[in-house]
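First the structure, in the form of structure tokens, and then the observations on it.
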Amino acid sequence: MTTHMVKAENVHKSFGHVDVLKGIDLQVAPKDVLCLVGPSGSGKSTFLRCINHLEKVDAGRLYVDGQLVGYRQAGDKLHELRQKEVAAHRRDIGMVFQRFNLFGHMTALQNVMEAPLRVRRESKAVARDRAEKLLDRVGLGTKSGSYPAQLSGGQQQRVAIARALAMEPKLMLFDEPTSALDPELVGEVLDVMRDLATSGMTMIVVTHEMGFAREVGDALVFMDDGMVVEAGHPRDVLANPQHARTKAFLSKVL
Amino acid sequence: MSSDTHPGGAPAGTAERDSEPIKAIPVRHWGQWVSAAVVLALAAALVYSVATNDNLQWSVVGDNITEESVLRGLWVTIRLTVLSMVLGIALGIVVAVMRLSSNKVLGTVSWFYIWLFRGTPVLVQLLLWFNLGLFFPTIGLGSLNADANDLIKPFIAALLALALNEAAYMAEVVRAGVLAVDPGQAEASHALGMTKGQTMRRIVLPQAMRVVIPPTGNETITMLKTTSLVLVVGAGDLLTRTSAIAAREFTTIEMLMVASFWYLVLTSIASYGQYHLERRFARGSAGTLPHSLGQRTLANLRPGRVHGDAR
């Protein structure tokens, strides 16, 4: 059963009285790219944040690489994981945020080196070497000494991707990575993501970029009102949506 | 960079078509000139009446300004200020982090600490520490015991009172700074697998500094003046020394002038230091840099400019 990188079984989440996730079931196979689409408020981002336990799941089960997220099962009892254990799980899951969230007091290079130095306790030489290679890979080898405030949105997001990759994750989560970018900067970030998908990274991408979903995605899940409405291959779902709500949404964004 | 390149479509010959700079007569602020004259006249009258006052012997002020015991008192004031600020800031950071922690015990303890030390006058705390021996005759653990009156010397009592009181204020300053850091920063750090402690030390606190520095400068300047309260326990600071001389020589006003002179020197130095610290930490961020008092005054003296508009 551990053939799935991510497996969600009837996942529920509510904030106070608002039910944000009302029973999500889905699987992501290793090396697949899953695109999560749907109107705002449909729970896509919340689901993504449950995967690395930034949000706590209220009911159901969520597994990453066969491991239960946030809890340890002993018999039929669930034990909450300690803060350090949660942190250890998160090492293997990279996340890219809509607002980049680069560390403002560090240069691009320091941003990428920070987690390997502190979390994996790597030597400076090793961390620096990999950070420089990763910045090269996202096309920012010459910007390693720049602070986030000196970089464009697209450049910041590419540094953020390099920062996540520095931990050599087995899964990458993208939370609307291009939504805060000027239109002409979207392409450079999507190029990096496309390259990453080609290299075999397992990715879950919350996005409104239907072109990217069609071209790069191995699966597409349409969510609305905290539920999975429709799922399938991106080309099929986008060309031939079955559900009325999917049709209505796609007619607005395509 | 782009100022020397004309945007496309500019008509040929634009460069030669010199636009004549506007030479307009600026608005005159006659009211300001009149009020400045009035203020100057009043200030001159005040200075004259103090300078020529027969009850104030300026020679006594001059003789005592560098008197040895006054300088020793000045040194005690500086040491007391620096030590209580260092201890206060260190403890304040600890209390602030406790206050923000999800651990309910730590949160409650720090809330109580702030409530207690901010809720009672520092003068009362000073007297309590000084008189600790009255209700805790001995201090110690097990066989390690000491007489409280031997341990709590005036300087120690003063340092304890000022530092512990300052920590309560600094805790609130640091807490405000931490809350001013975008929560996305901590989220990104957690997502990378960093623990809460690492996130606080490496990501949040360094970025809280910019918000924390200006009020800390104010706290330091306040502390310089608050140290004068230790007069009541005779801790040997500047005011203790000048008051002792005043009582001996019947030169109350003269010695208060001496004390005021040195306090003004110290606070001026501290303000200058704060100004440069603020500029340093404001680098790389958008927003205007604060002008020093000198720059503002100069700017205000230039005709036709109002309110330190130095550009």
**Study point:** Residue pairs, from the table A:Lys13/A:Lys143; A:Lys22/B:Lys104; A:Lys124/A:Lys170; A:Lys56/A:Lys143, whose Cα atoms sit over 29 Å apart
**Key:** A:Lys13/A:Lys143; A:Lys22/B:Lys104; A:Lys56/A:Lys143
Exercise for review: Starting at the first residue of the stretch B:98-105, write each ³J(HN,Hα) from the Karplus equation 6.51 cos²θ - 1.76 cosθ + 1.60 with θ = phi - 60°, in whole Hz, x for Gly and Pro.
Suggested key: 4, 4, 8, 6, 7, 6, 5, 5
Point to revise | Amide H contacts of A:Val6 (H built 1.01 Å from N, under 5 Å, at least 5 apart or other chain) | key: A:Val28, A:Asp65
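Listing B:Phe135, A:Phe97, A:Phe47 from the residue with the fewest other Cβ atoms within 10 Å to the one with the most, what is the order? Before the final figure, lay out the partial values.
Values: B:Phe135 8, A:Phe97 22, A:Phe47 27.
Sorted ascending by nearby Cβ count, the order is B:Phe135, A:Phe97, A:Phe47.
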**Study point:** Using θ = phi - 60° and Karplus 6.51 cos²θ - 1.76 cosθ + 1.60, couplings along the stretch B:165-178 (whole Hz; Gly, Pro as x)
**Key:** 5, 4, 4, 5, 5, 5, 4, 5, 5, 5, 4, 4, x, 5
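What list do you get for B:Ile93, B:Ile245 if you sort them by fewest beta carbons within 10 Å? Kindly include the intermediate steps, with their values, before the conclusion.
Values: B:Ile93 22, B:Ile245 19.
Lowest count first: B:Ile245, B:Ile93.
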Review point. Counting only residues 5 or more places away or on other chains, whose amide H sits under 5 Å from the amide H of A:Ala59 once H atoms are built in the peptide plane?
Key: A:His12
Practice item. Evaluate 2.2 N^0.38 Å with N set to the residue count of the stretch B:53-135, then give the Cα radius of gyration divided by it. Key: 1.72
Practice item. Normalise the Debye intensity by I(0) for the stretch B:125-211, one equal point scatterer per Cα, no solvent, then take log10 at q = 0.14, 0.24 Å⁻¹ and round to two decimals. Key: -0.67, -1.08
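Indicate the gyration tensor shape class of the stretch B:47-203 (rounded, prolate or oblate), computed on the Cα atoms with a ≥ b ≥ c the square roots of the eigenvalues: a/c under 1.5 is rounded; otherwise a/b larger than b/c is prolate and the rest oblate.
Values: a/c = 2.88, a/b = 1.59, b/c = 1.81.
Verdict is oblate for the stretch B:47-203.
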Point to revise | Residue-by-residue Karplus 3J(HN,Hα) for the stretch B:214-230, coefficients 6.51, -1.76, 1.60, Hz, glycine and proline x | key: x, x, 5, x, 4, 4, 5, 5, 4, 4, 3, 7, 5, 4, 5, 5, 5
Study note, to complete from the structure: Expressed in nanometres to one decimal, the distance between label points 7 Å along Cα→Cβ at B:Ala36 and A:Glu80 is 6.6
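Apply the Kirkwood formula to chain A: the hydrodynamic radius equals the inverse of the mean of 1/r over all pairs of different alpha-carbon atoms; give it in Å with one decimal. Intermediate values should be presented prior to the final figure.
Values: mean 1/r = 0.0530 Å⁻¹.
It is 18.9 Å.
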Point to revise | Kirkwood-type radius of the protein assembly as shown, with distances r between different C-alpha atoms, in Å | key: 29.5
Point to revise | Neighbour-count ranking [beta-carbon atoms within 10 angstrom, fewest first] of B:Leu91, A:Leu220 | key: B:Leu91, A:Leu220
Study note, to complete from the structure: With a ≥ b ≥ c from the Cα gyration tensor eigenvalues, square-rooted, and the rule rounded for a/c under 1.5, otherwise prolate when a/b > b/c and oblate otherwise, the stretch A:114-211 is oblate
Exercise for review: Assign one of three labels to the stretch A:29-153, namely rounded, prolate or oblate, based on the Cα gyration tensor with a ≥ b ≥ c the square roots of its eigenvalues; rounded applies when a/c is under 1.5, prolate when it is not and a/b is larger than b/c, and oblate otherwise.
Suggested key: prolate
Study note, to complete from the structure: Here the Cα Rg-to-2.2 N^0.38 Å ratio for the stretch A:198-254 is 1.10
Review point. Amide H to amide H, which residues 5 or more places from A:Gly217 or on other chains are under 5 Å from it, using H placed in the peptide plane?
Key: none
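Please compute the volume of the convex hull spanned by the alpha-carbon atoms of the stretch A:1-80 and report it per residue in Å³. Before the final figure, lay out each step's value.
Working: hull volume 7.7 nm³, N = 80.
Enclosed volume per residue, from the Cα hull, is 96 Å³.
Readers should treat all values here as calculations from the given coordinates under stated rules, not as data from a laboratory. Not measured: the values here are computed from a predicted model. Here the Cβ is made from the backbone with ideal geometry for all residues, glycine too, and neighbour counts use every protein chain on show.
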